[in-house]
Amino acid sequence: MESSCHSSQENKPKIIAVMPAFNEAKYIGTIALEARQYVDEVIIVDDGSTDQTAHVARLAGATVIRHQENMGYGASIQDLLAEAKRRDFDVLVLLDADSQHNPNEIPGLIRPITAEGFDFVIGSREQERANIPAYRHIGQRAIAYFSRILSGEKLYDSESGFRAFSRKAITLLELKENGMAISAETIAKAAQSGLKITERPISIRYTADGSTLNPLVHGIEVLGRIIAMISERRPLFFFGLGGSIGIALGFLTGIRVVSMTSTSGVMPVGTALLAILLIIVGTLSVFTGIILNVLVKR
């Protein structure tokens, strides 16, 4: 009997929960205590908080890494992953410290890793669509669309902060984004590394004081960075698509010039110059994409 109990303890995966936190003293203690029911250790990055976030987290039994100033969500994630790499674990769970995520859902989130062979699991808010404000839902869909272009992975919720990673995933992922776009970068890097990615449904709870970021500013910032990453990692798609649109518009404008000239007998010089400019710029853009794509592959 003792041997069987000892064996089951040996086979039990070691789990770490990590959380970035900025001025979350109100929620961090509860979230850390709830998470500790399912994990072996909770690690928190206090990202320059001006309240008692670090103190409350320590009281709740969490290991705290302290930033002297606010460095951003992405920088906090990088430090959490770096700290995790120094530890012996099987599964790492990432969740927000502002009470949006329910720690009681950790067992369901990690099951694809412990039982199904996946490396990276994203908590999807798709089933909670009715509880998500319309402006947030629109923003999430727009960001998910561009994240799909970036990574090639068809995922519903690319921005969800409730995630689980295998040891293999944490070992392979090298992230650079300091802002919120690190969520999309993680998916792109995971896909590039050949990791097995999936989604699992989670619940979500939005509170009036749950986020320190303006949703519109956050969305524009993330979308801008994702588009920039697309231009860096998929230059043929980015510049080729833009160039092709420019060339097409140039030819359409040129057709209009020919039509106006044949009708009136006078060539609209300004429109003709615009057509030429669109074709030239479009062609240059396509060739730029081809050249950069060769360099990226090398």
* Asked: Amide H to amide H under 5 Å from residue 162: which residues, 5+ apart in sequence or cross-chain, H placed 1.01 Å off N in plane?
  -> 123
* Can you run phi through the Karplus equation (6.51, -1.76, 1.60; θ = phi - 60°) for region 167-178 and list ³J(HN,Hα) in whole Hz, with x for Gly and Pro? -> 4, 4, 4, 5, 5, 7, 6, 10, 9, 10, 5, 8
* Take each uninterrupted DSSP H stretch in the chain, measure its Cα extent along the helix axis, and return the ones at 30 Å or beyond whose mean Kyte-Doolittle hydropathy is at least 1.6. => 269-297
* To do: Please identify, among 45, 266, 286, the residue showing maximal mean-square fluctuation in a Gaussian network model of the chain using a 10 angstrom Cα cutoff.
  => 266
* What is the extension gain from residue 33 to residue 280, computed as 0.36 nm multiplied by their sequence separation minus the C-alpha to C-alpha distance, in nm to one decimal? -> 82.8 nm
* Structure fact -> Here the gain from full extension of residue 216 to residue 11, 0.36 nm per residue of separation minus their alpha-carbon distance, amounts to 69.2 nm
* Asked: Using a 1.4 angstrom probe and counting only protein chains, how large is the accessible area of residue 116 in Å², to 10?
  -> 80 Å²
* Net charge contributed by nearby residues that have their C-beta within less than 11 Å of residue 175 (K/R +1, D/E -1) -> -2
* Sequence of 271, 50 when ordered by accessible area, the most exposed leading, probe 1.4 angstrom -> 50, 271
* Asked: So how much slack lies between residue 228 and residue 256, counting 0.36 nm per residue of separation and subtracting their Cα-Cα distance, in nm?
  -> 6.7 nm
* Most mobile of 58, 163, 87 per a Gaussian network model of the chain (Cα springs, under 10 Å)? -> 87
* **Coordinate range along principal axes, alpha carbons of region 186-298, Å, largest first** => 66, 43, 22
* To do: Starting from the amide H of residue 24, placed 1.01 Å from N in the peptide plane, find each other amide H under 5 Å away whose residue is 5 or more places distant or on another chain.
  => 53
* Would you mind getting the Kirkwood hydrodynamic radius of the chain from its Cα pairs, rounded to one decimal in Å? => 21.6 Å
* To do: Report, in whole Å, the centroid distance computed from the Cα atoms of region 87-144 and region 232-260.
  => 40 Å
* At a 1.4 Å probe radius, which order do 157, 40, 51 fall into by accessible area, largest first? => 40, 51, 157
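How much FRET efficiency would the formula 1/(1 + (r/R0)^6) give for residue 171 and residue 128, where r is the Cβ-Cβ distance and R0 is 45 Å, rounded to 0.05? Walk me through the intermediate numbers first.
Details: r = 32 Å, r/R0 = 0.71.
The value I calculate is 0.90.
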* Structure fact -> With -39,500 (n - 2.57) per DSSP H segment of 4 or more residues and division by the full residue count of the chain, the 222 nm estimate, nearest 500 deg cm²/dmol, is -18000 deg cm²/dmol
* To do: Calculate the spin-label point distance for residue 294 paired with residue 269, positioning each point 7 Å from the Cα along the beta-carbon direction, and give it in nanometres.
  => 3.9 nm
* Asked: Roughly how many Å² of residue 85 are accessible to a 1.4 Å probe, to the nearest 10?
  -> 70 Å²
* Quick one: work out the % antiparallel among DSSP beta bridges in the chain, nearest 5. => 25 percent
* Spherically averaged projected area in nm², based on the convex hull that wraps the Cα atoms of region 81-195 -> 7.5 nm²
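The values are calculated or read from the model by the stated rules, or taken from the named source; none is laboratory data. All values reported here derive from a predicted model rather than from experimental measurement. Glycine also receives a Cβ, built like all others from the backbone with ideal geometry; neighbour counts cover every protein chain displayed. Only protein heavy atoms, including side chains, enter the accessible area calculation; ligands, DNA and RNA are left aside. Shrake-Rupley method; radii C 1.70, N 1.55, O 1.52, S 1.80 Å.
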